[in-house]
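What follows draws every value from the coordinates through simple rules; no lab data is involved. The model shown is predicted, which means the values in this text are computed figures rather than measured ones. Reconstructed Cβ throughout: ideal geometry from the backbone, glycine too, with neighbour counts over all protein chains shown.
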Amino acid sequence: MTEGGTNHVQVGRLAGKAALVTGASRGLGRAISERFAVEGASVAIVARTSREAVEVIAQAINVAGGRAVALLGDVGDREDARRLVEETVAAFGGLDILVNNAGIDVSSFRPLHEFDEDIWDAILRTNLTGAFLMTKYAVPALLKSGRASIVNIASVCGVQAWQGDAPYNSSKAGMIMLTQTAALDYARQGIRCNAVCPAVIGTDMTWEFIKAADDPEGMEEFFRNLHPMHVLGMPADVANAALYLASDEARFVTGSVLTVDGGMTAHGA
């Protein structure tokens with residue numbers, strides 16, 4: 001259900017399109033899924049472990065007049081990635097939009113040499129390998145669309161390194177290069193590929209992190225001060241950017257990196 005209780009409708013900027021959104025049980029993925037549904041897309045809402053969460057989201061979209069399915073799978077597993085695409089195509093008859101949003105960060109901010117290799121492997125597996133696998137298996141279906149779009153949710157950390165966050169920085173920088181390479185690979189075949197790079201967004205995860213800090217008010221102020229606009233972004237800000245890139249309004253946009261960061265990257269590293 002959209003804010004204010006209005007119903008989803010089957011007309012809009014994504015009318016008639018089928019989308020697959022990973023990491024969609026909450027936060028950015030949920031906001032993107034719901035925004036796409038409002039704009040008329042059929043949406044496969046994917047999570048790795050939270051079946052109940054994605055089913056609740058899908059049910060709300062369906063009850064409000066949209067069309068959605070809830071799928072469970074690990075984007076970093078090649079068989080799961082292949083199956084998620086196949087199940088989406090089976091549900092909707094095709095695939096027009098892929099949003100690679102699934103991501104983790106368990107870095108705990110430390111110098112590079114202090115990172116355990118398992119943390120590096122886990123972050124790169126989900127954030128970068130997951131995006132590669134989902135794209136790899138989605139491309140055949142996207143090629144049939146003729147007007148397809150891949151939207152990768154990267155991060156300002158892929159543009160400007162954050163101290164003490166080497167695995168996450170590297171995964172998001174790699175995601176940006178993956179985006180631009182895919183844009184070139186499929187530019188003449190009807191698939192556009194772009195990246196959205198958010199700064200600090202006020203998701204449930206962000207607020208949980210702030211509340212768990214020794215000085216929650218100080219941590220919130222620190223995050224606000226990272227942005228020249230002195231506010232945190234909202235999930236809707238990222239969802240709106242993803243909507244534009246996924247829509248036909250962005251027909252001449254591919255290989256782009258759109259920062260949604262309140263001006264953070266404008267002043268350089």
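Descriptive notes on the structure:
- Computed over every Cα-Cα pair of region 123-246 and binned at 10 Å starting from 0, the pair-distance distribution P(r) comes out as 12, 37, 33, 14, 4, 0 percent.
- Rounded to 10°, Cα long-axis angle of helix 27-38 versus longest principal axis of the chain: 30
- Under 15 Å, Cβ to Cβ, from residue 47 - net charge with Lys/Arg +1 and Asp/Glu -1: -3
- Ranking of 223, 92 by neighbouring Cβ atoms within 10 Å, starting from the fewest: 223, 92.
- Surrounding net charge for residue 14, when Lys and Arg each add one and Asp and Glu each subtract one, Cβ distance under 15 Å: +2
- Rounded tilt (10° steps) of 130-145 against the dominant C-alpha axis of the chain: 30
- Within region 228-269: backbone nitrogen closer than 20 Å to the residue 221 label point (7 Å, Cα to C-beta): 228-233
- Computed E for residue 265/residue 214 - FRET, C-beta separation, R0 30 angstrom, nearest 0.05: 0.60
- Using C-alpha pairs under 8 Å with a sequence gap of at least 6, the mean separation divided by the residue count of the chain gives a relative contact order of 18 percent.
- Antiparallel content of DSSP bridges confined to the chain, in %, to 5: 0
- Amide H contacts under 5 Å for residue 186: none, restricted to partners 5 or more places along the chain or on a different chain, H placed in the peptide plane at 1.01 Å from N.
- Neighbour net charge for residue 185 - beta-carbon separation under 15 angstrom, K R +1, D E -1: +3
- Linear extension gain, residue 109 paired with residue 162, 0.36 nm per residue minus alpha-carbon span: 18.2 nm
- Residues 207, 162 arranged by fewest to most Cβ contacts within 10 Å: 207, 162
- Taking every DSSP helix (H) stretch of at least 4 residues in the chain, weighting each as -39,500 (n - 2.57) and dividing the sum by the residue count yields a mean residue ellipticity at 222 nm of -13500 deg cm²/dmol.
- Amide hydrogen proximity for residue 68: with H placed 1.01 Å from N in the peptide plane, the residues at 5 or more positions away or on another chain lying under 5 Å are 43, 62.
- Ascending count of other beta-carbon atoms within 10 Å, so fewest first, for 186, 168, 244: 244, 186, 168
- Cα-based equivalent ellipsoid of the chain: semi-axis lengths in Å, sorted from largest, via gyration tensor: 28, 21, 18
- Once C-alpha pairs closer than 8 Å and six or more residues apart are averaged by separation and normalised to the residue number of region 183-253, the relative contact order reads 35 percent.
- Axis of helix 216-225 versus longest Cα principal axis of the chain: the two differ by about 70°, to the nearest ten degrees.
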